[in-house]
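K.L.:
Below is a structure I'd like to ask you about.
Throughout, read-outs are computed from the coordinates displayed, never taken from laboratory work. Please read all numbers here as calculations on a predicted model, not as lab measurements. For neighbour counting, all protein chains shown are included, and Cβ atoms are generated from backbone atoms with ideal geometry for every residue, glycine included.
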Amino acid sequence: MLELTLFIFVAVISYAGVLVFRPWSEQKGIVDLPNERSSHVTPTPRGGGLVIASVSLAGYVTIMFATSQTIFWGYVMAAIIVVSVSWLDDLYSISSVWRLVCHFGAAILFTWSCGHLQSIQVPGLGHSVYLGPLGAGLTVLWIVWFLNAYNFMDGIDGIAGLQAVLAGLGWSAVAFYGSANGAHWYGLILSAAALGFLVQNWQPARIFMGDTGSAFLGFTFAAMPVLATRESVANEGWFALSAVALVWFFVFDSLLTFWLRLFRGERVWVAHREHIYQRLVRAGHSHGFVAGLYGVLAAIVVILFLTSARTSGIFTLLPLSITLIVSFALAAYAVRKKLLT
């Protein structure tokens, strides 16, 4: 009951914050104008992700203090760096080099202050793979890569917000079963903050989250396994696997698109509209349909992963197999419709 009360309260605060932010951003001219890479056709206020980040971070510090959990200030400071440079980018479109420098700085600060992943669970094998001294570097690279991948996936109405709602709920459940109480509460807060925003970001979107929101969410979901491990070291392997599983279709779409573009000899660091979800929209599907499709797929994976986490041995391979089948079915559909070449 306490969890539901917190969830509703945070969602309402987030929704109210967006209601206030939207006319302010219009007044200040913080508007996303359509261009050749856009999936929208009308000028739309952007930067609403500042509300998600502000509500989430304030909620994190408050709930950790109220429940006597450890506040990881290194995470808070690193998240503020990510939010700050992303907000500046939403305002002034700063250089990608400076953004990347700040992203690496934030990831290194977080890893230095909060630790890094040392193992990851292997589905079906019943044990974890030890990362050894490579863990710190891999953690930094994972955070920077997924931070940007989440940003790239925020290209149509509702898709990034809905993924955040589901991933937050997934993390809340994983952390609950893994005895990481702080991560359990924070997962709820992230989900609720995203939901409050999503109501006004669903097609037709009245506001965009911008880099501020997508970068913050990508950074936070990438950092969550480390935060959870600090509370429950015994479950580190599962927490590391959760970091990928709970955002699987964002990972899958990003990696598949990257390798296809690399294979075609394209400049993979240049902004584009080649993701599967973007191609589905260009093929005539609505933003709501595509975002809903990715949401349903994400929900399936979250449920399968939670089921897998509660089982053992060979039974963990069934959810993994279903996830892979669904993933390649999505890619096969895109190929059949000649959306992927």
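K.L.:
What does the chain give for Rg and for Dmax, in Å, if only its C-alpha atoms count?
P.N.:
Answer for the chain, Rg first and Dmax second: 19.0, 58 Å.
K.L.:
With θ set to phi - 60° and the Karplus curve 6.51 cos²θ - 1.76 cosθ + 1.60, what are the ³J(HN,Hα) couplings of the range 144-150 in order, to the nearest whole Hz, using x for Gly and Pro?
P.N.:
Karplus-based 3J(HN,Hα) across the range 144-150 equals 5, 5, 6, 3, 6, 4, 4 Hz.
K.L.:
Now a separate question. Of Thr67, Thr44, Thr307, which has the largest mean-square fluctuation in a 10 Å C-alpha GNM of the chain?
P.N.:
Of Thr67, Thr44, Thr307, the Gaussian network model singles out Thr67 as fluctuating most.
K.L.:
Using packing as a proxy for protection, rank 88-95, 288-295, 151-158 so that the peptide with the highest average count of other Cβ atoms within 10 Å comes first.
P.N.:
So the order, starting with the most tightly packed, is 151-158, 288-295, 88-95.
K.L.:
How large is ³J(HN,Hα) for each residue in the range 104-119, as worked out from phi by the Karplus curve 6.51 cos²θ - 1.76 cosθ + 1.60 (θ = phi - 60°), to whole Hz, x for Gly and Pro?
P.N.:
The phi angles translate into 5, x, 5, 5, 5, 4, 4, 5, 5, 8, 10, x, 9, 6, 10, 7 Hz.
K.L.:
Just name one of Ala107, Val129, Leu330: the one whose Cα is farthest towards the positive end of the charge dipole of the range 2-336 (beta-carbon charges, Lys/Arg +1, Asp/Glu -1).
P.N.:
Leu330
K.L.:
Val31's amide H: which non-local residues (gap 5+, or another chain) put their own amide H closer than 5 Å, with H modeled 1.01 Å from N in plane and none for Pro or chain starts?
P.N.:
For Val31, the qualifying residues are Arg46.
K.L.:
Which ³J(HN,Hα) values in Hz, rounded to whole numbers, follow from the phi angles of the range 276-285 under the Karplus curve 6.51 cos²θ - 1.76 cosθ + 1.60, where θ = phi - 60° and Gly and Pro get x?
P.N.:
Karplus values, whole Hz, x for Gly and Pro: 4, 5, 5, 5, 5, 5, 5, 7, x, 6.
K.L.:
Same structure again: Using Cβ counts within 10 Å as a stand-in for footprinting exposure, how do Arg99, Arg267 rank, fewest first?
P.N.:
Neighbour counts put them in this order, fewest first: Arg267, Arg99.
K.L.:
Next question, about the same structure. Among 139-146, 276-283, what's the highest-first ranking by average C-beta atoms within 10 angstrom per residue?
P.N.:
139-146, 276-283
K.L.:
Which value, in debye to the nearest 20, gives the size of the charge dipole of the chain about its Cα centre, when Lys and Arg are +1 and Asp and Glu are -1 at the Cβ?
P.N.:
Rounded to the nearest 20 debye, it is 700 debye.
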